[in-house]
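Before I ask anything, let me first share the structure, which is written out below as structure tokens.
The values are calculated or read from the model by the stated rules, or taken from the named source; none is laboratory data. Just so you know, these numbers come straight off a predicted model, no measurement behind them. Every residue, glycine among them, receives a Cβ derived from its backbone with ideal geometry; neighbour counts consider all protein chains shown.
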Amino acid sequence: MAVTLQDVAQLAGVSRSAVSRTFTAGASVSPKMRERVERAAQELGYSPNALASSLTTGRTKLIGLVSNNFHNPIFLQVFDKFTRALQNRGLRPLIVNLSNETDPSNSVRMLRQYSVDAVIVASSTLPLSFAEAFHNAGVPVVHTFGRPSAETQVHVVGIDNVECGRMAARELVARGYRSVAYMGGPKTATSAQDRFLGFSQEIGNHPQVTITHSFSAAYSFDAGRAEMQRLLSGDRAQAYFCGDDVLSIGALSAIRDHGLQIGRDIGVIGLNDMEMAGWELVDLTTIHQPISEIIETSVQVVETLLSDPDRMPEARLFPCRVVERATLAPRVR
């Protein structure tokens, strides 16, 4: 049978409440008492019951980690980093798949059933209304990879997608391309909208360069491949800003099938700098998104909100940079 708190109390010769205080963060207990209890617990192989502790403290330490694009391999990295960062702080991630979910109230209802202490919405495609719904329900929330807004009460941690679009445009112009295109993710995604906005604004400063644009059905390999196949059946551009690495890799597959040499016949630049982008057979020139820093900061904000849920919302945006590989022509000297 499982070792109980009462078993530890009997072996240590103390009260149940003394054992409980010993395993409650911040509770008052003398060093001598702590040593006796911990020695007894180790001897019996006792571990505190997290669910039972939550009944006493009113805190489950569960953090809802919600997203909706599980087809994009970047989220393997995202979830790996998030779960490690949360667990290292004694918090427990609860991963929720919101793919195809359109009603924020359903998500709020589900996570409240688990009595989560806070929620991280890790998505650039879920609308702000999802994060706002948790805030309005009294659940501390951070929108990671979200779009910042002065009109919301939600904390946002991510990047300036408009500026990333401008960066991609400047790279293509600097390499001498005169016919460029934006191939984005879903048209409804704020990240796709903002990246196109920045891209088109910057290209507008170069009247010698023509621009076209299109949107893919999803941020996925299949969607990127299908959209590039469609584009190659018509008048193709000299270079494409694919608004995500996994879209870019799908596009590269279609370009190779079309018999074109990447970097010479047609250029591609992505965004994210996911691990796969650096693989030898991919070698994608892309814009690096500092995912580790974004996730670490998101978890720090969650910790702050647990102790100060009324903290004024803020947006923390991280700078990005171009990572040079092999899918664009050299810069014009």
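Listed residues ARG311, ARG316; which is more than 26 Å from MET183 (Cα to Cα) and part of a strand (DSSP E or B)?
ARG316
I've got another one for you. So, in the range 223-269, how many residues would count as being of a type in the set (D, E, K, R), in a helix (DSSP H, G or I) and within 24 Å of GLU202 (Cα to Cα)? Talk me through it step by step, then tell me what you get.
Restricting attention to the range 223-269, the residues satisfying the condition of being of a type in the set (D, E, K, R) are 225, 227, 230, 235-236, 244-245, 256-257, 264-265.
Keeping just the survivors that are in a helix (DSSP H, G or I) gives 225, 227, 230, 245, 256-257.
This time we only want the ones that are within 24 Å of GLU202 (Cα to Cα), so: 227, 245.
Total meeting the criteria: 2.
What is the number of the single condition among (1) under 22 Å from GLN201 (Cβ atoms); (2) in contact with a Gly (Cβ under 8 Å, 6 or more places away or on another chain) that ALA118 does not meet?
(1)
Taking the range 210-263 only, how many residues are under 20 Å from SER99 (Cβ atoms) and either without any contact (Cβ under 8 Å) to a residue 12 or more places away in the chain or surrounded by fewer than 18 Cβ atoms within 10 Å (Cβ to Cβ) (or both)?
Matching residues across the range 210-263 total 3.
A further question follows. Kindly provide the set of residues from the range 294-322 that are charged (D, E, K, R), surrounded by fewer than 14 Cβ atoms within 10 Å (Cβ to Cβ) and closer than 20 Å to GLN77 by Cα, ordered by number.
Passing the criteria: only ARG321.
For residues that are out of contact with any Asp or Glu (no Cβ under 6 Å at 6 or more places or on another chain) and not in a loop (DSSP other than H, G, I, E, B), tally how many sit in the range 270-285.
So the answer is 3.
So if I check each of SER179, SER149, which one is of a type in the set (S, T, N, Q) and either surrounded by 19 or more Cβ atoms within 10 Å (Cβ to Cβ) or at pLDDT 95 or above (or both)?
Going through SER179, SER149 in turn, the sole match is SER179.
Tell me which strands (runs of 3 or more DSSP E) are completely within the range 64-176 and hold 3 or more residues being touching a Ser or Thr at 6+ places or on another chain (Cβ under 8 Å) and touching a residue at least 40 places away in the same chain (Cβ under 8 Å), or say none if there are none.
118-122, 155-159
While we're here: Residues of the range 192-212 being out of contact with any Pro (no Cβ under 9 Å at 6 or more places or on another chain), of a type in the set (Gly, Ala, Ser) and more than 22 Å from ARG325 (Cβ to Cβ), which ones?
Answer for the range 192-212, where residues must be out of contact with any Pro (no Cβ under 9 Å at 6 or more places or on another chain), of a type in the set (Gly, Ala, Ser) and more than 22 Å from ARG325 (Cβ to Cβ): SER200, GLY204.
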